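Report on the structure given below.
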Amino acid sequence: MTFTKSSHSSVVENCVEIALPEGPDAVAIRDSKNPDGPILWCGPRAYRSFARAVRAGELRPR
């Protein structure tokens, strides 16, 4: 599975990577600083909603 790092990630900040390992029906999300850590799986519709919320500033880190 090949992950792609977000263009908004930096070396020292929050880093997110995504992969489409199962074709158009699954999205894998992980923390690039912990490549052997857990992977969050979701469907494309959930990922699009998540990405829109991040871009709109609706989600903030705790």
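Could you please tell me which pairs satisfy a Cβ distance under 9 Å, a separation of 6+ or placement on different chains, a first residue in the stretch 41-60 that is closer than 20 Å to Gly23 by Cβ, and a second residue that is modelled with pLDDT of 90 or more and in a loop (DSSP other than H, G, I, E, B)? Listed pairs, sorted by first residue: Trp41/Ala26; Cys42/Ala26; Gly43/Ala26; Pro44/Ala26. Which ones in the stretch 25-35 are outside any strand (DSSP E or B) and either under 21 Å from Ser7 (Cα atoms) or open to solvent by less than 70 Å² (accessible area, probe 1.4 Å) (or both)? Within the stretch 25-35, Ala26, Ser32, Lys33, Asn34, Pro35 qualify.
The values are calculated or read from the model by the stated rules, or taken from the named source; none is laboratory data. What you are looking at is a predicted structure, and each value in this text was computed from that prediction instead of being measured. Please note: Cβ atoms are built from the backbone with ideal geometry, for glycine as well, and neighbour counts cover all protein chains shown. Quick note on the areas: whole protein, heavy atoms, side chains included, nothing else; ligands and nucleic acids left out. Shrake-Rupley method; radii C 1.70, N 1.55, O 1.52, S 1.80 Å.
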